[in-house]
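The values are calculated or read from the model by the stated rules, or taken from the named source; none is laboratory data. Since this is a predicted model, take the numbers as computed values, not measurements. Here the Cβ positions follow ideal geometry from the backbone for every residue, glycine too, while neighbour counts run over all protein chains shown. Side chains included, ligands, DNA and RNA excluded: accessible areas come from the protein's heavy atoms. Shrake-Rupley method; radii C 1.70, N 1.55, O 1.52, S 1.80 Å.
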Amino acid sequence: MMNSGLFTARWIMPAAGPPMRDACLAVEGGRIVSVQSVRGRVSGATDFGEAIILPGLINAHTHLELTGLAGRVPYRGSFIGWLESLIRAVIDEQDYARFISAGLSQSLATGVTVVGDIGIGQPAIQAWRQGGIHTIGFLEVLGMGHRSTAPRDRSTKTAEALLVGTPPTDDTRRILRVGISPHAPYTTDPAIYRRAVDLANRLQRPLCTHLAETRAELQFLSDGTGPFRDFLERYGLWDDTFKPPGDSPIEYANRLGLLKNRCLLVHANYVSNNDLDLLARTSCSIVYCPRSHHFFHHEPHRFGEMIRLGINVCLGTDSLASNDSLSILDELRFVHATNPAVDPARLLHMATRAGAVALGLETQLGQLTPGLRADFVALPLEQPKTTDPFGDLLHCNLSPIAVFLSGKQIYGMYKS
Ligand SMILES: [Zn+2]
């Protein structure tokens, strides 16, 4: 049968229990049938030898359309200064699709099999459709104050037309779901947020927003002043009809109806204890983008407390305009190096199962357990015969030798 077979390696990390030594993954019709430890060689198996088999990694937040801006938008101490450099580094429309395709290929080469990607308009949908990995694509919408100055390709009207013209889910070859992402509270006014929430509800589409990213955002929502007010005035986007809600970003999102949905909240870098209590009562997920967070010199992220409160926290790379790679393995290694007390099994969970939950894919993928899609990565061990596969995973610098989607090899030169 197509997409069936046995796969063995020194270690299998199912992300649904402890690592298994000398183990075998059995696949039938693209789905996992069993994962178990075995004695001796398994006849007919593809043996990766001194390697780890782990679930395909999930990058829950990126902007692949910015892939071509790698290293071109330096941070000089001001988030808004960085944002303005990003706006100046205009990308030609015909480059959008090319950059997204390049980003999808780069992701695959690092073992990422699912991305949550923010994109703009039809070119993004086209590129997602042609890519080689599962994609939850979010069409970005924004607009503040004067509607006429909001870019047409990022209006809710355009997004609605595109969403209506795209099937809610296209899972035939790979999973492609297209949803909507109102950008952030400082670029998106309440009316647009409400329309986006309504669209996501009505059309049953995934919803995502950037939230509580900077202290300046807190100030802007609190009293309408500060660097974001200056930014909007400079670009002619400020409108006196915007009334600062006087809330924290999380409370504001709650009042706009975002937290009633399984909304993906990107960043949540600046949250109070009250915010955390509020989030813990919702089914929203938080995307923590560790290296991008570090790039902007943010205060320590409260992901550990969030997890202890039962909030689902997954990982994202953000774009290459604020990061060095699109690799979730690199994120894991960075978090481990900077927070060595975090349980490595928890880190692997954040990179796999938590991402699947955040993107609404947990019944399909995210762990190596029977019934799920056989999406997996084979990673060579730096120290053969190691008894500490997590140590190897988190300290070595190696890249996957093979990546499989539904039991079929889609990346790597590996031949059994
Ligand atoms: Zn982002």
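Looking at the structure I just gave you, is P168 in contact (Cβ under 8 Å) with a residue 12 or more places away in the chain, in a loop (DSSP other than H, G, I, E, B), open to solvent by 30 Å² or more (accessible area, probe 1.4 Å) and not charged (D, E, K, R)? It is true that P168 is in contact (Cβ under 8 Å) with a residue 12 or more places away in the chain, in a loop (DSSP other than H, G, I, E, B), open to solvent by 30 Å² or more (accessible area, probe 1.4 Å) and not charged (D, E, K, R).
Every residue, every condition in (1) of a type in the set (A, V, I, L, M); (2) touching a Cys at 6+ places or on another chain (Cβ under 8 Å); (3) farther than 21 Å from P389 by Cα, yes or no:
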{"site": "G5", "(1), (2), (3)": "no, no, yes"}
{"site": "T8", "(1), (2), (3)": "no, yes, no"}
{"site": "A16", "(1), (2), (3)": "yes, no, no"}
{"site": "C24", "(1), (2), (3)": "no, no, no"}
{"site": "G29", "(1), (2), (3)": "no, no, yes"}
{"site": "I32", "(1), (2), (3)": "yes, no, yes"}
{"site": "R41", "(1), (2), (3)": "no, no, no"}
{"site": "L57", "(1), (2), (3)": "yes, no, no"}
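Considering segment 25-55 alone, what residues qualify as being open to solvent by less than 20 Å² (accessible area, probe 1.4 Å), of a type in the set (A, V, I, L, M, F, W, C) and under 29 Å from the mean Cα position of the chain (by Cα)? Within segment 25-55, L25, A26, V27, I32, F48, A51, I52, I53, L54 meet the criteria.
Residues are listed down the side, and each one gets a yes or a no for (1) crowded, with 22+ Cβ neighbours inside 10 Å; (2) closer than 21 Å to V73 by Cα:
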{"position": "L265", "(1), (2)": "yes, no"}
{"position": "L278", "(1), (2)": "no, no"}
{"position": "R281", "(1), (2)": "no, no"}
{"position": "I307", "(1), (2)": "no, no"}
{"position": "S322", "(1), (2)": "yes, yes"}
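Test R21 against the stated conditions and say whether it is within 21 Å of D392 (Cα to Cα), among the basic types (K, R), outside the structural domain of I180 (by TED's automatic domain parsing) and open to solvent by 60 Å² or more (accessible area, probe 1.4 Å). Answer is yes for this residue. Is it the case that some residue within segment 41-48 is in contact with a Leu (Cβ under 8 Å, 6 or more places away or on another chain), under 19 Å from L348 (Cα atoms), assigned to a strand (DSSP E or B) and of a type outside the set (A, V, I, L, M)? No, segment 41-48 contains no residue that is in contact with a Leu (Cβ under 8 Å, 6 or more places away or on another chain), under 19 Å from L348 (Cα atoms), assigned to a strand (DSSP E or B) and of a type outside the set (A, V, I, L, M). A single entry from R98, R173 fulfils the requirement of being part of a helix (DSSP H, G or I), open to solvent by 40 Å² or more (accessible area, probe 1.4 Å) and either outside the structural domain of R255 (by TED's automatic domain parsing) or of a type outside the set (V, I, T) (or both): R98. At least 2 residues being within 16 Å of the ligand (Cβ to nearest atom) and modelled with pLDDT of 95 or more is the threshold, and among the helices (runs of 4 or more DSSP H) wholly inside segment 266-361 those reaching it are 290-295, 328-338, 353-358.
Residues in segment 381-414 that are open to solvent by 30 Å² or more (accessible area, probe 1.4 Å) and in a strand (DSSP E or B): K408, Q409, I410, Y411.
Determine whether S34 is of a type in the set (S, T, Y), under 26 Å from H349 (Cα atoms) and touching a strand residue (DSSP E or B) at 6+ places or on another chain (Cβ under 9 Å). It is true that S34 is of a type in the set (S, T, Y), under 26 Å from H349 (Cα atoms) and touching a strand residue (DSSP E or B) at 6+ places or on another chain (Cβ under 9 Å).
If we scan segment 106-122, do we find a residue that is farther than 23 Å from L348 by Cβ, assigned to a helix (DSSP H, G or I) and within 16 Å of the ligand (Cβ to nearest atom)?
no
When I58, I80, I91 are checked against the criterion of being in a strand (DSSP E or B) and either in contact with a Ser or Thr (Cβ under 8 Å, 6 or more places away or on another chain) or crowded, with 16+ Cβ neighbours inside 10 Å (or both), a single residue qualifies: I58.
Got a number for residues in segment 20-47 being in contact with a Lys or Arg (Cβ under 8 Å, 6 or more places away or on another chain) and not acidic (D, E)? Adding up the residues that qualify gives 5.
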